[in-house]
Amino acid sequence: WNKIALIGAMNEEIELLVSHMTDVRETIKAGITFREGTYFDKQVVVCRTGVGKVNAAVTTQILIDNFGVEAVIFTGVAGALDPELNIGDLVISSECMQHDMDVTALGFPRGVIPYEAKSTFEADSKLVELAVASGEKLFAGKVKKGRVLSGDQFIASREVVASLYEELGGVCVEMEGASVAQVCSMNATPYVVLRSMSDKADGSAHVNFAEFTVQASENSYKMVEDIVKHL
Ligand code: ADE
């Protein structure tokens, strides 16, 4: 890959990327600042997508069309769904799905996008492999590979956590991954989502998110740095 996108939704999730870049050139499009430059000898584009699926989708398509990125790595924080995951632990996407896609009234299973060939979007096997290797090296025993669920909702309820984990099989929940994954799938562009747990998406999620987002973002960043060094 000649050029890769390293992206996150919020400032906390990209600031370490930005601070390690050199030869930075900024372009603004659709209100998003795209930073092209060098990162550990690789040509990259770093940007903050903004929160939610629409922001992430638009940004990803622009990265592919206007900046010619050949792979996308998303880094950031998420709420844990798998009870074995603790705050600070990491998730590597095997695939992503939109948990808020709900056409059950017409008989489609929860999460299924009507009339599409697929509703779960598989991450790139090479990026996943590199992420697993980095995770084992840097965060042994604290990393899981699994299905990342995305929706335009901040989840803060144990009941919802139980249903997302049991019915949809998600290991963590966030607000962008599946839209990045779908856009990448539509453009045959490899991607992986890396997330560190800022909270457990329960009644304490808002407090935990505020307290742990910076540390969790740093954990996710460390994985990205190690992956890029091995690309
Ligand atoms: N990102 C971090 N924590 C989250 C949560 N509980 N729900 C949705 N997105 C999140």
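Yes/no matrix, rows are residues, columns are (1) surrounded by 24 or more Cβ atoms within 10 Å (Cβ to Cβ); (2) over 17 Å from residue 99 (Cβ atoms):
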residue: 165; (1), (2): no, no
residue: 181; (1), (2): yes, no
residue: 184; (1), (2): yes, yes
residue: 195; (1), (2): yes, no
residue: 204; (1), (2): no, yes
residue: 210; (1), (2): no, yes
residue: 216; (1), (2): yes, yes
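Here is a yes/no grid of residues against (1) free of Cβ contacts under 8 Å to residues at least 24 places away in the same chain; (2) surrounded by fewer than 20 Cβ atoms within 10 Å (Cβ to Cβ); (3) farther than 27 Å from residue 213 by Cβ:
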| residue | (1), (2), (3) |
| --- | --- |
| 81 | no, no, no |
| 85 | no, no, no |
| 104 | yes, yes, yes |
| 110 | no, yes, yes |
| 114 | yes, yes, yes |
| 157 | no, yes, no |
Legend entry - Within region 133-155, considering residues that are surrounded by 18 or more Cβ atoms within 10 Å (Cβ to Cβ) and hydrophobic (A, V, I, L, M, F, W, C), the one farthest from residue 91 (Cα to Cα): 155
Legend entry - Unique residue being within 14 Å of the ligand (Cβ to nearest atom), hydrophobic (A, V, I, L, M, F, W, C), in contact with a Phe, Trp or Tyr (Cβ under 7 Å, 6 or more places away or on another chain) and outside any helix (DSSP H, G or I) when the list is 193, 171: 193
Legend entry - Residues within region 60-79 that are within 16 Å of the chain's Cα centre (by Cα) and in contact (Cβ under 8 Å) with a residue 60 or more places away in the chain, tallied: 11
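Bear in mind these aren't lab numbers, they're just calculated from the coordinates by the rules spelled out. All figures in this text were calculated on a predicted structure; none of them were measured in a lab. Because the Cβ atoms are built from the backbone with ideal geometry, glycine has one as well, and the counts that use them run over all protein chains shown.
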